[in-house]
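The block underneath contains the structure these notes are about, expressed in structure tokens.
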Amino acid sequence: MAAKIRKVIVQVEETRMEMGRQVNPAVRKALAMAVIENPYSGHYAESLDDLIAIGEELGGMLGERCVAALGIEPEQAQSYGKAAIVGEGGELEHAAAILHPKLGAPLRQAVSRGAALVPSSKKMGGVGTAVDVPIGHKDAAFVRSHFDAMEARVADAPRANEIVVAVVVTDSGRPLPRVGGLQSHEIKGEDGLR
């Protein structure tokens with residue numbers, strides 16, 4: 001089943017100063033969101049296959065939109081994350097169906113690889129509800145400089161029969177990171193952790 005998309009929103013956040021210090025190069029995060037119709041709104045369904053297929057479709061589309069918004073090549077993407085907000089006619093499991101079984105593979109393709117687990121969050125909410133999209137390094141989960149989040153919110157969504165699906169891609173870690181841990185240049189990229 002193809003997603004019935006009401007709207008797509010793409011935005012880029014660029015941090016140039018932090019605590020009075022220049023951030024050079026600037027830290028950039030791209031957020032792409034799709035507001036979709038929930039095919040299971042208002043009724044229970046044992047199989048959520050339609051949402052699983054929609055997740056696969058949106059993983060690539062939203063990941064590609066983020067990479068394009070950053071103006072980078074896919075291999076230059078450094079971290080990623082995903083989230084969903086389900087309107088009141090649905091259930092939390094609808095977000096899980098979109099985010100977990102199949103969204104990750106096309107997102108990884110959009111950012112060229114991605115050995116690490118894609119951090120995720122999900123919640124129920126009404127129109128204007130915000131969700132924090134957790135972010136982690138795409139190839140090594142233990143890179144602390146890339147532990148972050150970006151808020152996702154659509155002013156007129158999700159309506160009761162909708163789901164907001166969000167993907168974040170960055171071209172760097174946090175501004176001025178200094179809490180130690182594995183560094184980007186030390187990544188082995190073998191197990192998704194280190």
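Quick note: the coordinates plus some simple rules give every number you see, no bench work behind them. The shown structure was predicted, so the numbers you read here are calculated from the model rather than taken from an experiment. Positions of Cβ are generated from backbone atoms using ideal geometry, with glycine treated the same way; all protein chains shown enter the neighbour counts.
Some notes on this structure:
- Distance between modelled label sites at Ala45 and Val179, nm, 7 Å Cα→Cβ extension: 4.0 nm
- Additional length obtainable on full extension of the chain from His100 to Glu14, 0.36 nm per residue less Cα span: 28.1 nm
- Residues Arg144, Arg21, Arg65, ranked from the fewest to the most other C-beta atoms within 10 Å, line up as Arg21, Arg144, Arg65.
- Karplus 3J(HN,Hα) series, Hz, for the stretch 118-128 with 6.51 cos²θ - 1.76 cosθ + 1.60 (x for Gly, Pro): 7, x, 8, 8, 8, 7, 9, x, x, 3, x
- The fewest-to-most ranking of Val118, Val131 by surrounding Cβ atoms within 10 Å reads Val131, Val118.
- Angle between the chain longest axis and helix 49-70 axis [Cα atoms, degrees, rounded to 10]: 40 degrees
- Cross-link partners of Lys4 among aspartates and glutamates, defined as those whose alpha carbon lies under 17 angstrom from its own and excluding same-chain residues fewer than eight positions apart: Glu37, Asp49, Asp50, Glu56, Glu57, Asp156, Glu162.
- Relative exposure of Ser79, Ser120, Ser172, judged by other C-beta atoms within 10 Å (fewest first): Ser120, Ser172, Ser79
- Restricting the chymotrypsin sites (Phe, Trp or Tyr not before Pro) of the stretch 7-105 to loop positions (DSSP other than H, G, I, E, B) with no more than 14 neighbouring Cβ atoms within 10 Å leaves Tyr44.
- P(r) tail fraction, the stretch 5-186 - alpha-carbon pairs more than 22 Å apart, %: 42 percent
- Computed from backbone phi with θ = phi - 60° and the Karplus coefficients 6.51, -1.76 and 1.60, the 3J(HN,Hα) list for the stretch 151-164 is 6, 10, 7, 10, 4, 10, 8, x, 6, 3, 9, 10, 9, 9 Hz; x is used for glycine and proline.
- Rounded to the nearest 20 debye, dipole of the stretch 5-186 from Cβ charges on Lys, Arg, Asp, Glu: 640 debye
- In this simple spin-label approximation, Asp156 and Leu117 carry label points 7 Å from Cα along the Cα→Cβ vector, and these lie 3.8 nm apart.
- Of the GluC sites (Glu not before Pro) found in the stretch 94-194, those that fall in a DSSP loop while having at most 15 other beta-carbon atoms within 10 Å are Glu190.
- Net length gained if the chain between Val23 and Lys7 were fully extended (0.36 nm per residue, minus Cα distance): 2.5 nm
- Relative contact order of the chain, pairs being alpha-carbon contacts under 8 Å that are 6 or more residues apart, as %: 27 percent
- Percent antiparallel among DSSP beta bridges (both partners in the chain, rounded to 5): 90 percent
- For Lys138, the aspartates and glutamates whose Cα comes closer than 13 Å to its Cα, not counting residues fewer than 8 places off in the same chain, are Glu75, Asp148, Asp171, Glu190, Asp191.
- Cα centroid separation, the stretch 85-115 to the stretch 123-170: 11 Å.
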